[in-house]
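The values are calculated or read from the model by the stated rules, or taken from the named source; none is laboratory data. This is a predicted model, so every value here is computed, not measured. So basically every Cβ, Gly included, is an ideal-geometry build from the backbone, and we count neighbours across all protein chains shown.
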Amino acid sequence: LMIPVRTCRKTPPEEEPESAAFIEIMDAPPEREAREVFSGWMFASSPALSALEHPIYDVWLGDCKMASSASSVVGD
């Protein structure tokens, strides 16, 4: 799978904890053309709200962390 993160947001410490990310998930098996299997927002507090439906993989948002001035997604 290829999972580019388009944006990742985290609430300030004084608010209720929440991380959200807009991601696109591409299934890219060898010798076949990549196809988009998910595009949308994922929320750490509600993984079932917008889940990836795939027969092999489960993908969920764990947290947003800044890495080298770019957002990244970390799963649990």
**OP:** Report the residue count in the stretch 27-48 for those that are closer than 17 Å to TRP60 by Cβ and assigned to a loop (DSSP other than H, G, I, E, B).
**Re:** 5
Subject >> Residues satisfying the stated conditions in the stretch 1-21, i.e. without any contact (Cβ under 8 Å) to a residue 12 or more places away in the chain and either touching a Pro at 6+ places or on another chain (Cβ under 9 Å) or surrounded by 12 or more Cβ atoms within 10 Å (Cβ to Cβ) (or both) >> reply: THR11
Subject >> Those residues of the stretch 28-43 which are at pLDDT below 90 and touching a strand residue (DSSP E or B) at 6+ places or on another chain (Cβ under 6 Å), in sequence order >> reply: ALA28, ALA34
Subject >> Looking only at the stretch 54-74, and only at residues there that are small (Gly, Ala, Ser) and surrounded by 12 or more Cβ atoms within 10 Å (Cβ to Cβ), the one that is modelled with the highest pLDDT >> reply: GLY62
**OP:** Please specify each residue of the stretch 27-48 satisfying the condition of being over 12 Å from the mean Cα position of the chain (by Cα), of a type outside the set (D, E, K, R) and surrounded by 15 or more Cβ atoms within 10 Å (Cβ to Cβ).
**Re:** VAL37
**OP:** Write out, first by first residue and then by second, each pair whose Cβ atoms fall under 6 Å of each other, whose residues are 6+ apart or on separate chains, and whose first residue, in the stretch 29-51, is without any contact (Cβ under 8 Å) to a residue 60 or more places away in the chain while the second is small (Gly, Ala, Ser) and in a strand (DSSP E or B).
**Re:** TRP41/ALA20; MET42/ALA21; PHE43/ALA20; ALA44/SER19; SER50/GLY40
**OP:** Evaluate the following for ALA51: is it modelled with pLDDT under 85, under 10 Å from the mean Cα position of the chain (by Cα) and hydrophobic (A, V, I, L, M, F, W, C)?
**Re:** yes
Original post:
Which numbered condition trips up GLU24, out of (1) surrounded by 15 or more Cβ atoms within 10 Å (Cβ to Cβ); (2) in a strand (DSSP E or B); (3) at pLDDT 85 or above?
Top reply: (1)
